[in-house]
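Undergrad: Would you mind keeping the following structure in view while I ask a few things?
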Amino acid sequence: MKPLYDGKAKTLFPGPDPNTVIVFFKDTVTAGDGVKRDAIPGKGALAAQISCKLFELLHNAVPSHYIKQRDERSFLAKRVQIIPLEVVVRNVAAGSIVKRLGLTRGQVFDPPLLELFYKSDALHDPLICEAHALALRLATPHELSQIKDYALQANAILKEYFLGVGLKLIDMKFEFGKTPDGEILLADEISPDTMRLWDARTNESLDKDVFREDKGDLLTVYREVARRMGIL
Ligand code: TMP
Ligand code: ASP
């Protein structure tokens, strides 16, 4: 089948009807805009299954593109136009914000901090503020307000869920899309590729930082997340 879109970690195929797509998870893992990359057999299936379970968990609270799991590496989703924003919610300081603002890794944000990045490979996804998002007409004021509410709501639900299985949700990245009717839906994926999870007891990374920072075996930690979530 000819893909609609071939990304770094996922391929989108046409779904059974024109309003749907199949989101297929590849075994590729990349970091630093794809500069660092590897193929890890089994990674796609783990990220797909974790993502499906998390979309299902959010189902009643946050409208999303997720329809249903298809097989162990793909799910069926509503077809949306992706809004070129990466919406990052941070509960604890880690990653880029530590360098950018000179913070201490592990510092808590209460309330959670929401940041917007402009999705542009050519510009390396720069941090922007709401005024920029509106000036660039990436979203209307109403859409932006919905996007922020959905992201914070999803964060609150996921944070509580993960704590229940011994994991701290440090931060995560959400993407949103728009249906032909103009409805805003949570889109893309929600997996250890797009979030930071630390063991609640040891603060050990159980996410893509293991690959970004060469500090362990990615498959082992993704399996551990899946196991705690009751998937494996
Ligand atoms: P950052 O600390 O590098 O800005 O990342 C914040 C969160 O967003 C972290 O959970 C990883 C995730 N993320 C992505 O999913 N895709 C990206 O391209 C980047 C840079 C971060
Ligand atoms: N997602 C980006 C990449 O694949 C960066 C990252 O997540 O660290 O290059």
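The values are calculated or read from the model by the stated rules, or taken from the named source; none is laboratory data. Given the structure is predicted, the values throughout are model-derived calculations rather than measurements. Every residue, glycine as well, gets a Cβ built from its backbone with ideal geometry; the counts of neighbours run over all protein chains shown. Please note that ligands, DNA and RNA were not included when accessible areas were found on the heavy atoms of the full protein model with its side chains. Shrake-Rupley method; radii C 1.70, N 1.55, O 1.52, S 1.80 Å.
Undergrad: Please report the net charge: other residues with Cβ closer than 14 Å to the Cβ of Q69, K and R +1, D and E -1.
TA: So the surrounding residues net to 0.
Undergrad: Evaluate the charge dipole of segment 166-214 about its Cα centre and quote only its size in Debye, nearest 20, assuming +1 on the Cβ of each Lys and Arg and -1 on the Cβ of each Asp and Glu. If you can, show how the numbers build up before the last one.
TA: Values: 7 positive and 13 negative charges, 36 e Å.
With Lys and Arg at +1 and Asp and Glu at -1, about 180 debye.
Undergrad: Calculate the length of the line joining the C-alpha centroid of segment 128-172 to that of segment 1-74, in whole Å.
TA: 20 Å
Undergrad: Just the number please: accessible area per residue for the chain, 1.4 Å probe, all protein chains included, in Å².
TA: Computed with neighbouring chains in place, this is 49 Å² per residue.
Undergrad: Under a 10 Å cutoff between Cα atoms, tell me which one of A131, A77, A31 has the largest fluctuation in the Gaussian network model of the chain.
TA: A131
Undergrad: Right, something else. Across every pair of different alpha-carbon atoms, what Kirkwood hydrodynamic radius in Å does segment 16-58 reach?
TA: Radius from the Kirkwood sum: 12.1 Å.
Undergrad: Mean Kyte-Doolittle of at least -1.0 and a Cα length of 20 Å or more along the axis: which whole DSSP H helices of the chain meet both?
TA: Span-like helices here: 43-58, 141-164.
Undergrad: Using packing as a proxy for protection, rank 64-74, 116-126 so that the peptide with the highest average count of other Cβ atoms within 10 Å comes first.
TA: Highest mean packing first, the order is 64-74, 116-126.
Undergrad: Using a 1.4 Å probe over the heavy atoms of the protein chains, calculate the carbon and sulfur portion of the accessible area of segment 104-172 as a whole percent.
TA: Numbers: 2230 of 3900 Å².
Heavy-atom surface of segment 104-172 belonging to carbon and sulfur, 1.4 Å probe: 57 percent.
Undergrad: Let me ask something additional. Ignoring any ligand, DNA or RNA, what whole percent of the accessible area of segment 1-92 comes from carbon and sulfur when the probe is 1.4 angstrom? Don't skip to the end; give the middle numbers.
TA: Numbers: 2330 of 4380 Å².
So the carbon and sulfur contribution to the accessible surface is 53 percent.
Undergrad: Per-residue ellipticity at 222 nm for the chain, helices alone: DSSP H runs ≥ 4 residues times -39500 (n - 2.57), over residue total, nearest 500 deg cm²/dmol? The partial results should precede the final answer.
TA: Details: 6 runs with 67 residues, N = 232.
Counting only the DSSP helices, I get -9000 deg cm²/dmol.
Undergrad: How large is the convex hull of the C-alpha atoms of the chain per residue, in Å³? Before the final figure, lay out each step's value.
TA: Numbers: hull volume 30.5 nm³, N = 232.
Enclosed volume per residue, from the Cα hull, is 132 Å³.
Undergrad: Using unit Cβ charges (K, R positive; D, E negative) and no other charged atoms, how large, in debye to the nearest 20, is the dipole of the chain about its Cα centre? Numbers along the way, then the final one.
TA: Values: 32 positive and 32 negative charges, 55 e Å.
Once rounded to the nearest 20, the dipole reads 260 debye.
Undergrad: Calculate the translational D of segment 1-113 in whole µm² s⁻¹ from Stokes-Einstein, where the hydrodynamic radius comes from the Kirkwood formula applied to all Cα pairs, the temperature is 20 °C and the viscosity 1.002 mPa s.
TA: Calculated translational D: 132 µm²/s.
Undergrad: In Å and from the alpha-carbon atoms only, list the Rg and Dmax of segment 86-198.
TA: Rg and Dmax of segment 86-198, Cα atoms, are 14.3, 44 Å.
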